[in-house]
Amino acid sequence: MVKLFSDFKLGEVELKNRIVMSPMCMYLCEKEDGIATQEHIIHYGARAAGQVKMIIVKATAVTPRGRISLRDLGLWSDEQVPAMQQLVEAITGQGCVAAIQLNHAGRKAKVEEPGLAPSALAFNEEYPAPQEMTEQQIQGAVQEFRAAAQRAAKAGFQVIEIHGAHGYLVNQFLSPLTNQRSDGYGGSRVKRQRFLWEVLEAVRGVWSAPIILRISAEEYAAQGNHPQDYLELVRELKEWGVALLDCSSGAVVPAKIEPYPGYQVSYAEYFRQQTGIATGAVGLITSPLHAQEVVANERADLVLLGRELLRNPNWPIYAAKELQTEIMVPDQYRRGWL
Ligand SMILES: Cc1cc2nc3c(=O)[nH]c(=O)nc-3n(C[C@H](O)[C@H](O)[C@H](O)COP(=O)(O)O)c2cc1C
């Protein structure tokens, strides 16, 4: 039986348990410079000390115009690298793998200029209509992902996650709901995938460590993508150096979702079974037994926790107690767990 507290090899990177911190925007930058702060170090350092064994740092913008908010982290400039290096050290110093999610928000950017998107369709009334990207702008965005990946390597990150979910730019190209282009980047499913392949190729050119791809496996709209629409793409991901598929859903178009515990686990299970790719399950997994169930029944290889880790940075230590597993507790906290 695969246990929650067992090693996992993500490419060449070793994780000492299967518990991962899901990327979560914290809007903690003090200025609009995208530079990591002391608060980021405290926030992520505490979770690393709490024995999560991989942290995926929040959606980090590859360009100022691709920020979800003005207080997002960024990797669009070399000036952002030294603070990121310190953040990486705070994470890895606790024996935790440091991963970073690279993102371009596309039409969901909340910045001064209108967002860039495959088609000039606004997400809803709260967002201005975006500008339809020219081929040159598309190539520019690909190069921005590449340059950000290079900076992530300089900062010492061990894993990159490409944000292909939640209706941000990569997802906007993938979805027929948001991509109505008729050139080489839209129309057929294959053409809608071209931007993602170009991003992966560009990142791969400067990054030799593992890549994770996060997708919205289900868009909760009849004409949108459903898990089976991703099957061919996922089958090819390994060849493109993607070590793990992180299976999320939604946020592509406004749609009502009624989440329940493990509501996205079936997507991780589906792609794992159908293609053999390693997967991460996320979404309302809050109890140790539930997390154990997901890995033990081989529905997913890793379990990502979001909100539960906001409530309880030490969740993995509590989980180990509940699952009667001995784990390392940092010396300075040991007496609290006797
Ligand atoms: C405050 C907050 C910020 C989030 N920011 C991101 C993000 O930057 N990137 C991302 O892919 N998902 C983001 N998410 C989604 C989480 O990563 C996760 O997929 C979702 O919360 C479901 O998991 P949970 O039920 O364990 O919280 C965010 C969620 C929350 C609550």
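The values are calculated or read from the model by the stated rules, or taken from the named source; none is laboratory data. Everything quoted here is computed from the prediction, not taken from an experiment. Quick reminder, even Gly has a Cβ in these numbers, built from the backbone with ideal geometry, and neighbours come from all protein chains shown. Note: areas computed on protein heavy atoms with side chains; ligands, DNA, RNA excluded. Shrake-Rupley method; radii C 1.70, N 1.55, O 1.52, S 1.80 Å.
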| request: Would you mind checking which residues have amide H under 5 Å from T279's amide H? H placed 1.01 Å from N; only 5 or more apart, or other chain. | output: L245, D301, L302
| message | I'd like the trypsin sites (Lys or Arg not before Pro) in region 224-310 restricted to DSSP loop residues with at most 11 other Cβ atoms within 10 Å, sorted by number. | response | K256
| Mind checking the dipole of region 58-130: about its Cα centre, +1 per Lys or Arg Cβ, -1 per Asp or Glu Cβ, Debye to the nearest 20? | 180 debye
| request: Quick one: P(r) of region 204-329 from all Cα-Cα pairs, 5 Å bins, percents rounded to integers, in order of increasing distance. | output: 2, 10, 18, 19, 19, 15, 9, 5, 1, 0
| note | So, relative contact order of the chain in percent, Cα under 8 Å, 6 or more apart, is 17 percent
| task | Could you state how much accessible area I285 has, in square angstrom rounded to the nearest 10, with a 1.4 Å probe and all protein chains kept in place? | result | 10 Å²
| message | In whole Hz and in residue order, list the ³J(HN,Hα) couplings for region 311-321 that follow from phi through the Karplus curve 6.51 cos²θ - 1.76 cosθ + 1.60, θ = phi - 60°; x for Gly and Pro. | response | 6, 9, x, 9, 3, x, 6, 4, 4, 4, 4
| said: Placing +1 on the Cβ of each Lys and Arg and -1 on the Cβ of each Asp and Glu in the chain, which of N103, I317, A152 has its Cα farthest towards the positive end of the resulting dipole? | reply: I317
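Net charge within 13 Å of C29 by Cβ-Cβ distance, Lys/Arg positive one each and Asp/Glu negative one each, not counting C29 itself? Don't skip to the end; give the middle numbers.
On the way: positive: K31, K58, R67, R71; negative: E30, E32, D33, E39, D72, E79.
Taking every other residue near C29 into account, the sum is -2.
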| message | As a test of the definition: which semi-axes, in Å, follow for the chain when you take the square root of five times each eigenvalue of its alpha carbon gyration tensor? Largest first, please. | response | 31, 23, 18
| message | With unit charges on the beta carbons (Lys and Arg positive, Asp and Glu negative) and the dipole taken about the Cα centre of the chain, which residue among A120, L4, P254 sits farthest to the positive side? | response | L4
| query | Roughly what % of Cα-Cα distances in region 21-93 sit above 17 Å, to the whole percent? | reply | 37 percent
| request: Identify the chymotrypsin sites (Phe, Trp or Tyr not before Pro) of region 1-104 meeting these criteria: DSSP loop state and at most 14 other C-beta atoms within 10 Å of the C-beta. | output: Y27
| For the charge dipole of region 64-217, defined by +1 on Lys and Arg C-beta atoms and -1 on Asp and Glu C-beta atoms about the Cα centroid, which residue among T134, Q86, I215 has the Cα displaced farthest towards the positive pole? | I215
| said: For L10, what residues show an amide H to amide H distance below 5 Å, using hydrogens built from the backbone and excluding near sequence neighbours? | reply: L15
| note | Restricting to Cα pairs under 8 Å and 6 or more apart, the percent relative contact order of region 183-287 works out to 25 percent
| query | Kirkwood hydrodynamic radius (Cα pairs, Å) of region 25-165? | reply | 15.3 Å
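Can you tally the net charge around R192? Count Lys and Arg as +1, Asp and Glu as -1, for every other residue whose Cβ sits under 13 Å from the Cβ of R192.
Computed value for this residue: -1.
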| With r defined as the distance between the Cβ atoms of K31 and K9 and R0 fixed at 45 Å, what FRET efficiency is calculated, to the nearest 0.05? | 0.70
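For the chain, which whole percent of the accessible surface, found with a 1.4 angstrom probe, sits on carbon and sulfur atoms?
48 percent
Could you compute the FRET efficiency for Q85 and I327, with r as their C-beta to C-beta distance and R0 at 25 Å, rounded to 0.05?
On the way: r = 28 Å, r/R0 = 1.11.
The value I calculate is 0.35.
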| request: Using the Cα centre as the reference, give the magnitude of the dipole from point charges on the C-beta atoms of region 225-335 (Lys, Arg: +1; Asp, Glu: -1; all else neutral), rounded to the nearest 20 debye. | output: 400 debye
| field | Cα-based Rg of region 1-63 normalised by 2.2 N^0.38 Å, two decimals | value | 1.33
| Value of [θ]222 nm, deg cm²/dmol, for the chain, DSSP H segments ≥ 4, -39500 (n - 2.57) each, nearest 500 | -9500 deg cm²/dmol
| Just how large is the dipole of the chain about the Cα centre, in debye to the nearest 20, putting +1 at every Lys and Arg Cβ and -1 at every Asp and Glu Cβ? | 420 debye
| field | Computed FRET value (nearest 0.05) for L338 with V2, which takes r as the C-beta separation and R₀ as 25 Å | value | 0.30
| query | In whole percent, what relative contact order does region 97-205 give with Cα contacts below 8 Å and a gap of six or more residues? | reply | 31 percent
| request: Mind computing the radius of gyration and Dmax over the alpha-carbon atoms of region 158-204? Å is fine for both. | output: 10.9, 38
| message | What does the net charge come to around T134 if you take all other residues with beta carbon closer than 12 Å to its beta carbon, with K and R at +1 and D and E at -1? | response | -2
| message | Please report the antiparallel percentage of the DSSP beta bridges confined to the chain, to the nearest 5. | response | 10 percent
| query | What list of ³J(HN,Hα) values in whole Hz, one per residue of region 178-191 in order, does the Karplus curve 6.51 cos²θ - 1.76 cosθ + 1.60 (θ = phi - 60°) give from phi, with Gly and Pro shown as x? | reply | 10, 10, 10, 6, 10, 9, x, 10, x, x, 6, 4, 4, 5
